[in-house]
Structure formats: C-alpha cells, structure tokens
1. Extending each Cα 7 Å along its Cβ direction at E199 and A123, get the distance between those two points in nm, one decimal.
2. Relative to the present Cα-Cα distance, how much length would full extension add between V211 and E35 at 0.36 nm per residue of separation?
3. What does the helix-only formula give at 222 nm for the chain: each DSSP H stretch with n ≥ 4 adding -39500 (n - 2.57), the total divided by the residues, and the result rounded to the nearest 500 deg cm²/dmol?
4. Can you tell me the accessible area per residue over the chain, all protein chains present, probe 1.4 angstrom, in square angstrom?
5. Between V227 and N6, 0.36 nm times their residue separation minus their Cα-Cα distance comes to what?
6. Using DSSP loop states and a limit of at most 13 other Cβ atoms within 10 Å to flag trypsin sites (Lys or Arg not before Pro), what is the longest stretch of the chain containing no flagged site?
7. Measure nothing but the geometry: give the 0 to 90° angle between the long axis through the Cα atoms of 216-225 and the longest principal axis through the Cα atoms of the chain, rounded to 10°.
8. I need the Kirkwood Rh of the stretch 1-58: take the reciprocal of the average 1/r across all distinct C-alpha pairs and report it in angstrom.
Amino acid sequence: MVVAMNYRYERKFLIDSHSLFQIESIVRSHPAKFEESYRPRKVNSLYLDDINMQNVEDNIAGVTNREKERVRWYGETFGKIKAPVLEIKIKRGLLGAKEIYPLNTFSLDSRFSKKLIHKLFEASNIPEYNMHILSLRNPTILDVYTRKYFISSDKKFRLTIDFNIEYFKINQLYNTFLEKISSHNVVMEIKYDAQFDNEAEHITNYLPFRVTKSSKYVSGADYFYSVS
C-alpha cells in the first residue's frame, strides 16, 4: 500500500532567539487564527543514507530534484515499535511530497542493526525500484522531538512547532544509544498546497522569524559526522 501526497510547499524557520512560550504566543496571535489541530506527540525519524552520505550532500548542495528515506513512528522511541512507516520524501524544486509504506512492528534496542532494518523492508510491500535503492542504504541518524500541530481558520495552512530535539548516532551492528546530542533550537514549519502559494506571504510576513533552509537530518549528521 502506498500513500502519495500532493506536492506542497514547506517553509521552515530555525528559531534560537525565542522561548517555546513566546513562539506559541506569536502563533496564537497570528491574524490567520491558528488553533491546535492535534494533540502534541513525540515524533521519531530513523534516517537512511548511503556510505557517502549522499542525501546529506544533496541537501547541502541544494540539488533541485532529490529524495531521502526514513522510517517514522510516533510515541515511545525505544522498545517495541508499533505502526512504523517508511517515508520517501521527494523534493522537486521548492515543492515536496512523500510516499508512505507501512512496515511491520520491530524492536529498537541494542540488537538493532542494518541487517534488521533490511529484513523489515523485505517483509513489506515496497516496489522493486525502491527496494533496490534501500539495499544501498544504511541507518545513520535517529532524530526525536516533540511536535505541536496548528491549522489556520481557513484550513489552508498547517503549522508545526518541533522542540526537545535529540539526535542519536546509529551503529550498523550494535547500539547502546549513548551517543546523543540535544538541541535547544525550535523548528517551525508552515505547510500548504501549491495552489495557496500566492497567499503564503500574508502568513510568513507576520512572523518575526526568517525562513531558512533547515533539515533536522543534516543538523544531526553535522553533529556526528561534520558534514557541512
């Protein structure tokens, strides 16, 4: 089963000058009347890359058409992982989309390895073309954060606030998850369908933050591999 999302814009803001309380206050006072649309929850993303960290390099270089792969789940980070999915994020210029493939339950503990994640993919209904790419991928970074969800009153713009961000380095054979970095930054993201791009200025201009090229994966990779 594949869920292919429509192409949309994703505008990101990397914020290190305001507290979470201040950021939320700004969002709630926005003329677009943002309201919480979902309960806050923990988001876990296990990123995959080749031995040359090509996905990171493509992002840093600003390659127009690129893709990256990750396993995502919500809730507890370690132990028995329920309802994980493989997400293939697709970037075409300024627009992005993603394909989603449900995966079987697995365990994230000291026995986790490259071999385990590849067996997980093999047991899932993933197209042959993607399986070929995944066979060349290794788990590299585990990114964990708490996310708050908002939506504008006209339902055109979704806004998320990510905080309590942590990065774990992933070993190919054995993991204690002791190699960890915590970030005090907050990442805000505004997402909207391409048809609403002419209205987006009215949303972003009100915010006292600068749109930035921010990737949690690149940030985590830079902490552990000094890629930038």
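1. Spacing of the two 7 Å Cα→Cβ label points: 4.5 nm.
2. 61.2 nm
3. Helices in the chain give a 222 nm mean residue ellipticity of -5500 deg cm²/dmol.
4. 52 Å²
5. Length difference between fully extended and current span is 76.5 nm.
6. Looking at the chain, 156-209 is the longest stretch - no exposed trypsin sites (Lys or Arg not before Pro) with at most 13 other Cβ atoms within 10 Å.
7. The angle comes out at about 50 degrees.
8. 15.9 Å
The values are calculated or read from the model by the stated rules, or taken from the named source; none is laboratory data. Fair warning: this is a prediction, and the values are worked out from it, not measured in the lab. FYI the Cβ positions are ideal-geometry reconstructions off the backbone, even for glycines, and counts take in every protein chain you see. Just the protein is used for accessible areas: all its heavy atoms, side chains included, with ligands, DNA and RNA removed. Shrake-Rupley method; radii C 1.70, N 1.55, O 1.52, S 1.80 Å.
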